[in-house]
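> One structure coming up, written as structure tokens, with questions to follow.
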């Protein structure tokens, strides 16, 4: 996905392959009967009686009931990066941040507002549609008899959205939840004190929240036990909500489901494993699996689950598993894995700073970490080096070193948040640590100058113009998270051989895989 303006995100899309689809439960409209030859799926969505799949080539496939044209994908639709399925309509988000919708339009749910742009996430309810913009605001349209498309005044700082039958839910950057629309079953009455939320899902008349400790909270209609979370459920990395049931994806890539089982939708097939994405429909469940899921060692074998939607670089800032990457790498994705020197492990998004393109993640274990220092003392011409995983599909999965200098103390158009660096970074370096000659983190690699935009503006191609978020902004972000600042390492104050600096950076650097 490209940002607006002159800088280009350094996220590597792994689109060579995708996963297989497995579905169970209600099938009276063929919603669980997979199209022959379907493969390469990277995301899945489920409506009332139909299923939608996003393929690794950016195209969309839909099957099941088509009474309202919901399974008739618009001709030529491509470049899709996210999908959502409503009651009888679908929504697709394209790589240019534009929204396309099709199917039932009886309430205007597929009539995208004129001029809508800058969209980063989408959701679809029974008869309404919701879009999250890059500035953290929400736009909704379609049916509004319960106020489901009347966005609360002043709502901002939103990082994720979900839509139920007649209500809408938003997750804010501070880990709190806001809900509006019909509340007949208490679905818009957010539990008092609910915080630390990292993902949300909305069912017919209920909601589910995933917390940063990988536990689940649910509220609203409980007529089928859908808000009674299974005792002891933990290690959850993604959630989905259907009409009257829920599905949870665990860090070991297995699935747990609960709630209404009238069509067998919560009876998980025996032996199902390797799951990387989940969705829940009106009376069925659908998942994407990766048969090749296995542990790997960076630089020796292909990382586990090469069917990730995207990848980037991250680095450890505490020995107990806190790490940093870019927001545009991790997003609000609840299914994040790290390829480390010891194998592939799960991680969760703790908090994001969309304005500065930063994300804080947490993994379990003991690690080598890097010290973060203030960037106020950085000087023009100082050493700027990074280790990362650029262009993995072409250059392979061994970590790569890029070394250069601080070329400017400001970024594009004199953006004070960024350094311009001459280190030759590529797509996939995003989120990597920018370190000084002693191995202290002074920034986070974030972007490069968009050559097409530069050529159109100046008539010349820009060469090796790259950017990093200054560490002072990173430190401010980290200070907003309780207890993290106390875990940071003391700065390196002694001169070191550059080879030793590189070794320590490599040991603290991981490949971030997002599904």
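> May I ask you to derive the FRET efficiency for residue 234 and residue 111 from their Cβ-Cβ distance with R0 = 45 Å, giving the value to the nearest 0.05?
It comes to 0.60.
> Is region 141-297 best put as rounded, prolate or oblate by its Cα gyration tensor, with a ≥ b ≥ c the root eigenvalues, rounded for a/c under 1.5, and otherwise prolate when a/b is larger than b/c, oblate when not? All intermediate terms of the calculation are to be shown ahead of the outcome.
Numbers: a/c = 1.95, a/b = 1.46, b/c = 1.33.
Prolate.
> As a test of the formula, what do you get for the chain when each DSSP H run with n ≥ 4 contributes -39,500 (n - 2.57) and the sum is divided by the residue count, at 222 nm and rounded to the nearest 500 deg cm²/dmol? Let's see the in-between values first.
Details: 5 runs with 36 residues, N = 515.
The helix contribution divided over the chain gives -2000 deg cm²/dmol.
> While we're here: For residue 394 paired with residue 500, estimate the spin-label separation in nm (one decimal), with each label point 7 Å from Cα along the Cα-to-Cβ line.
Distance between label points: 3.7 nm.
> Taking 8 Å as the Cα distance limit and 6 or more residues as the minimum spacing, I'd like the relative contact order of the chain as a percentage.
On the way: 1567 pairs, mean separation 65.9, N = 515.
So the answer I get is 13 percent.
> Run the simple label-point estimate for residue 174 and residue 341 please: 7 Å along Cα→C-beta, distance reported in nm.
Each label point lies 7 Å from its Cα, and together they span 4.0 nm.
> Now for a different question. Set the Förster radius R0 to 30 Å, insert the Cβ-Cβ distance between residue 476 and residue 222 as r into 1/(1 + (r/R0)^6), and round the FRET efficiency to 0.05.
Values: r = 42 Å, r/R0 = 1.38.
The value I calculate is 0.10.
> Determine, for 415, 174, the number of other Cβ atoms within 10 Å of each Cβ, and report the residues in order from fewest to most. It would help to have the intermediate numbers written out before the result.
Working: 415 16, 174 12.
Arranged by neighbour count, lowest to highest, 415, 174 become 174, 415.
> Output the relative contact order of region 152-196, whole-number percent, from Cα pairs under 8 angstrom with separation of 6+ residues. Walk me through the intermediate numbers first.
Working: 66 pairs, mean separation 12.5, N = 45.
Relative CO of region 152-196 lands at 28 percent.
> What does a probe at residue 36 reach in region 45-87, counting residues whose amide N is under 17 Å from the point 7 Å along Cα→Cβ?
Label zone hits: 62-64.
> Quick one: 178, 208, 216, fewest Cβ neighbours within 10 Å first, how do they rank?
Numbers: 178 17, 208 27, 216 20.
Ascending number of Cβ neighbours within 10 Å: 178, 216, 208.
> Right, here's the next one. I need the shape label for region 73-182. Rule: rounded when a/c is under 1.5, else prolate if a/b > b/c, else oblate, with a, b, c from the alpha carbon gyration tensor. Don't skip to the answer; put the middle values down first.
Working: a/c = 1.92, a/b = 1.22, b/c = 1.58.
It comes out oblate by the Cα gyration axes.
> On full extension of the chain, what length is gained from residue 267 through residue 137, given 0.36 nm per residue of separation minus the C-alpha to C-alpha distance?
On the way: separation 130, 0.36 × 130 = 46.80 nm, distance 3.78 nm.
Computed gain between residue 267 and residue 137 is 43.0 nm.
> I would also like to ask the following. Under 1.5 on a/c is rounded, so check that first for region 19-289, then, if it is not, pick prolate when a/b is larger than b/c and oblate when it is not; a ≥ b ≥ c are the square roots of the alpha carbon gyration tensor eigenvalues. The partial results should precede the final answer.
Working: a/c = 1.38, a/b = 1.01, b/c = 1.37.
Because its axes are fairly even, with a/c under 1.5, region 19-289 counts as rounded.
> Something else now. Thinking of the chain as a set of Cα atoms, what percent of all their pairs are more than 39 Å apart? Intermediate results must be reported in sequence, preceding the final value.
On the way: 28944 of 132355 pairs.
So the portion of pairs separated by more than 39 Å is 22 percent.
> How high is the relative contact order of region 19-289, in percent, counting Cα pairs under 8 Å that sit 6 or more residues apart? Please report the intermediate quantities before stating the final value.
Values: 843 pairs, mean separation 40.2, N = 271.
Answer for region 19-289 is 15 percent.
> Once label points are set 7 Å from the Cα along Cα→Cβ at both residue 59 and residue 485, what is their separation, rounded to one decimal in nm?
For the pair residue 59/residue 485, the computed spacing is 5.3 nm.
Here, each number is a calculation from the coordinates, and none is a lab measurement. This structure is a prediction, so every number in the text was calculated from the model and none was measured. Neighbour counts run over all protein chains shown; Cβ positions are idealised from the backbone, glycine included.
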